[in-house]
Amino acid sequence: MNPLLKHYGLKTVPFGRSTPKGALLRHPGFEEAARRLRYSAELDTIALLVSEPGCGKSLLLGVVADELRREGYSIHYFAHATVGPFGLLNVLARKVGLAPRRSRAETALALTEHLLSDETKHLLVLDEGHQLPDATLEDIRLLTISDFDRQSPFVLLLAGQTALDDRLAEPLHLALDQRITTVARLMPLSADETRAYLQTRLKAAGADRPVFEDGAVDALYDTASGVPRRINNVATAALIV
């Protein structure tokens, strides 16, 4: 057994990269952001999710996507932000079983027609959107236009770090920004939420007694500033010490 787990009487690593079942803290900010994204899916529109690095953006996207998948949605997740617009269209086309056409315009048209004719609801998740090239953001806007701009072929969740706000505020992307009906933001945890986060992760890992004293929790919060990824790193370092 891992000496660290044995020392604390744990069954699994408590602050690893993955979030196993029972280790997810659905704090008020998480729940509010999830409700906003779900509401956008009900409206069949575009939602924007913005957060600082390490606050659980991708985790939240995964939770919402899993919920919608159980409701019959077909999920298309894309996080390779450095791929150019034609590459993105090609990947989306292949994901729904279409062969890319000779040009971007033909591929976009074929993709839109296919999705509109499909009875299955489609959810497109674009993570790390703050790194998407300008041309890709413009192609995403064009893909959402169909039937005289009255119907979208898919629900779009566009997510990224706070720099995405600045990108969308540029005149070049004003038309896309105006199509976003729902905005969700994930903030760092409060001191009380940090305490609950530590307890939830440790309990899920098998802890049957307190591990961090109150003073240690306060120091950890001050050091990590409530950012879950930092909390994981500092907490792991503390356990090792």
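The values are calculated or read from the model by the stated rules, or taken from the named source; none is laboratory data. Computed from a prediction, not measured in an experiment: that's the story for all the values here. For neighbour counting, all protein chains shown are included, and Cβ atoms are generated from backbone atoms with ideal geometry for every residue, glycine included. All accessible areas refer to the heavy atoms of the entire protein, side chains included, with ligands and DNA or RNA removed. Shrake-Rupley method; radii C 1.70, N 1.55, O 1.52, S 1.80 Å.
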- Item | Considering residues of the range 197-221 that are among the basic types (Lys, Arg) and assigned to a helix (DSSP H, G or I) only, the residue farthest from Glu31 (Cα to Cα) | Lys203
- Tell me, which residue of the range 94-147 that is under 24 Å from Glu52 (Cβ atoms) and open to solvent by 50 Å² or more (accessible area, probe 1.4 Å) is modelled with the highest pLDDT? Gln131
- Task: Looking at (1) hydroxyl-bearing (Ser, Thr, Tyr); (2) under 15 Å from the mean Cα position of the chain (by Cα); (3) at pLDDT below 95, find the lone condition where Ser51 falls short.
- Result: (3)
- Query: Mind checking which residues of the range 222-241 are under 25 Å from the mean Cα position of the chain (by Cα) and in a helix (DSSP H, G or I)?
  - Reply: Thr223, Ala224, Pro228, Arg229, Arg230, Ile231, Asn232, Asn233, Val234, Ala235, Thr236
- Message: Report every pair of residues separated by at least 6 positions or lying on different chains whose Cβ atoms are under 9 Å apart, first residue within the range 55-73 and within 15 Å of Leu156 (Cα to Cα), second open to solvent by 30 Å² or more (accessible area, probe 1.4 Å) and of a type in the set (Ser, Thr, Tyr).
- Response: Leu61/Tyr77; Gly62/Thr19; Gly62/Tyr77; Ala65/Tyr77; Tyr73/Thr120
- Considering residues of the range 25-46 that are at pLDDT below 95 and of a type in the set (A, V, I, L, M) only, the residue farthest from Leu202 (Cα to Cα): Leu43
- Under 8 Å between Cβ atoms, at least 6 apart or on separate chains: pull out the pairs that start in the range 86-97 with a residue that is within 18 Å of Val155 (Cα to Cα) and end on any residue that is crowded, with 16+ Cβ neighbours inside 10 Å and of a type in the set (S, T, N, Q). Leu88/Thr136; Leu89/Thr107; Ala93/Thr107; Val96/Ser74
- Item | Qualifying residue in the range 173-196 (condition: of a type in the set (Val, Ile, Thr), out of contact with any Lys or Arg (no Cβ under 8 Å at 6 or more places or on another chain), within 26 Å of Glu31 (Cα to Cα) and surrounded by 18 or more Cβ atoms within 10 Å (Cβ to Cβ)) | yes
- Message: Within the range 170-184, does at least one residue satisfy the condition of being free of Cβ contacts under 8 Å to residues at least 24 places away in the same chain, touching a helix residue (DSSP H, G or I) at 6+ places or on another chain (Cβ under 6 Å) and either outside any helix (DSSP H, G or I) or more than 20 Å from Pro20 (Cβ to Cβ) (or both)?
- Response: yes
